[in-house]
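Written below as structure tokens is the structure these notes are about.
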Amino acid sequence: MVTKLRGNAMHRWSVRHTATATALAVCGALALAGCSSVEEVGFGKTANVEVEKGYSVDVTVLGLEAGTSADLDQLKDASTYEGRTPYYLRYRFTKTDDGAAADWSADFEVRDGEGSLTRLSVLPSIDATGDLDDPFDVNTFDKCQGSTGFDKLPKGGSVEGCEIYLADSGGGAPESVNWVLGDKTLVTWE
């Protein structure tokens, strides 16, 4: 059945369908643009993120500072890192839920214009001193140490720590720090 429209009826039909088509086009363009729910904040600002089902943590990126390749000379097999620049990511975690523990799978990702920098984990080493009163010497990487004690904090308590990221030889400085859960970026600090 074909309906003929005349005068105002035709105008109302045209306006309504044009508005609908425009709304659909805008929605489609937004979907193609990849609208995301990534929160963007500046360094020193805090973002509240869910780290496990039902628990959230306040995460603050305090700063990202460049070291020198000489900083890495104290590491075992230091020649492995020759020519690479370490960047020290300083952060704070604040407990916002009583039950939250620090065994979440979310973590930082530091990016330059090309991709992700390599995270370097440095474990303390223990050397025997030969002194019976003080038999061991614990060596740590003094420029940057991770946080400890989060699990025992009361709600509202904070810990600060540091992570090391390495730029490739000749690579550029980091541009952003992301908080990533799985393959999803939740927050970006720039």
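The values are calculated or read from the model by the stated rules, or taken from the named source; none is laboratory data. Only a predicted model underlies this, so the values are computations on that prediction, with no experimental measurement involved. Quick reminder, even Gly has a Cβ in these numbers, built from the backbone with ideal geometry, and neighbours come from all protein chains shown. Please note that ligands, DNA and RNA were not included when accessible areas were found on the heavy atoms of the full protein model with its side chains. Shrake-Rupley method; radii C 1.70, N 1.55, O 1.52, S 1.80 Å.
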Scan of segment 133-160 for residues that are out of contact with any strand residue (DSSP E or B) (no Cβ under 6 Å at 6 or more places or on another chain) and closer than 20 Å to Lys45 by Cβ, ordered by number
Gly156
Residues being in contact with a helix residue (DSSP H, G or I) (Cβ under 8 Å, 6 or more places away or on another chain) and either open to solvent by 20 Å² or more (accessible area, probe 1.4 Å) or of a type outside the set (A, V, I, L, M) (or both): count how many of those fall in segment 158-190.
0
Going by what's in this entry, would Asp142 be described as at negative phi and either touching a helix residue (DSSP H, G or I) at 6+ places or on another chain (Cβ under 9 Å) or open to solvent by 40 Å² or more (accessible area, probe 1.4 Å) (or both)?
yes
Go through segment 68-97 and give me each residue that's aromatic (Phe, Trp, Tyr) and open to solvent by less than 40 Å² (accessible area, probe 1.4 Å).
Tyr87, Tyr88, Tyr91, Phe93
Here the residues within segment 145-157 that are loosely packed, with under 13 Cβ neighbours inside 10 Å and without any contact (Cβ under 8 Å) to a residue 24 or more places away in the chain are Thr148, Gly149, Lys152
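Residues that are charged (D, E, K, R), at pLDDT 85 or above, under 30 Å from Ser147 (Cα atoms) and in contact with an Asp or Glu (Cβ under 8 Å, 6 or more places away or on another chain): does segment 52-73 have at least one?
Step one: of segment 52-73, the residues charged (D, E, K, R) are 52-53, 58, 65, 71, 73.
If we keep only those that are at pLDDT 85 or above too, we end up with 58, 65, 71, 73.
Going one step further and asking which of them are under 30 Å from Ser147 (Cα atoms), we end up with 58, 65, 71, 73.
Restricting the remaining residues to those that are in contact with an Asp or Glu (Cβ under 8 Å, 6 or more places away or on another chain) gives none.
Within segment 52-73 (the criterion being charged (D, E, K, R), at pLDDT 85 or above, under 30 Å from Ser147 (Cα atoms) and in contact with an Asp or Glu (Cβ under 8 Å, 6 or more places away or on another chain)), the answer is no, since none of the residues qualifies.
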